[in-house]
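I have placed the structure first, in the form of structure tokens, so that the comments after it can refer back to it.
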């Protein structure tokens, strides 16, 4: 029985890992799995720093859920425990980068990528960050929410504070690299200016789509600019930046000229 099917049939589970029963507790199927994984890690904290240990435990406690096992290990392979606990790092940005990598490099759907990153945040005691990752998950045509910067020191243990949405202003500058980025997450949606930060003698190609797979598969209308361009991008849409000069790495300064 699959990852989703097994838990749709029953909302009452017994946590075999921690030895406690969540009797008659109705929770979502994904949250159910998250709770069991967190309980597993509490019992075996050494698994947070050993991939082999984590893999062995996941396969032991979730023998029929390859999806669950793979999602956690994919994030582990992207060094999510190291990135979220590194001193001085903006862990909210690191968490979003891992989420995007799972989507673009591993072919994971957006919802499952968010679940994997959120589960890791919870395992590491970063409950506030886990909640913020969850609320950035866009469904249908909901507006994107930008995650406020959270340092590793402030995220574990999570402070008791009220979550606030970041207010984007025209003075904000966002530095992004080549590749695919999401409006409302990596930079503000709406009217923006994009400027190349390095000297270039050729054009920068860009494309916009509501589906990142179309950008990866080159199924989009291409546009070019030299040093700076102005464009309008809707919340939740994806922007691809691809330099023609392949022997150099470029970064881009994105500023909001009008918030959507």
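Restricting to region 198-223, give me the number of residues that are under 16 Å from residue 242 (Cβ atoms) and surrounded by 12 or more Cβ atoms within 10 Å (Cβ to Cβ). The qualifying residues number 16. For residue 115, the conditions (1) assigned to a helix (DSSP H, G or I); (2) loosely packed, with under 15 Cβ neighbours inside 10 Å; (3) touching a residue at least 60 places away in the same chain (Cβ under 8 Å) all hold with the exception of (2).
If we scan region 215-230, do we find a residue that is outside the structural domain of residue 102 (by TED's automatic domain parsing) and under 19 Å from residue 96 (Cβ atoms)?
Of the residues in region 215-230, the ones outside the structural domain of residue 102 (by TED's automatic domain parsing) are 215-230.
Checking the rest, the ones that are also under 19 Å from residue 96 (Cβ atoms) come to 215-216.
Yes, some residue in region 215-230 is outside the structural domain of residue 102 (by TED's automatic domain parsing) and under 19 Å from residue 96 (Cβ atoms).
Residues in region 48-87 that are surrounded by fewer than 14 Cβ atoms within 10 Å (Cβ to Cβ) and either within 14 Å of the chain's Cα centre (by Cα) or not assigned by TED's automatic domain parsing to the domain that holds residue 116 (or both): 79 only. All told, residue 96 falls short of being surrounded by 21 or more Cβ atoms within 10 Å (Cβ to Cβ) and more than 21 Å from residue 184 (Cα to Cα). Scan region 171-185 for residues that are more than 21 Å from residue 221 (Cβ to Cβ) and in contact with a strand residue (DSSP E or B) (Cβ under 7 Å, 6 or more places away or on another chain) and the total you get is 5.
The values are calculated or read from the model by the stated rules, or taken from the named source; none is laboratory data. Remember, predicted model here, so these are calculated numbers, not experimental data. Because the Cβ atoms are built from the backbone with ideal geometry, glycine has one as well, and the counts that use them run over all protein chains shown.
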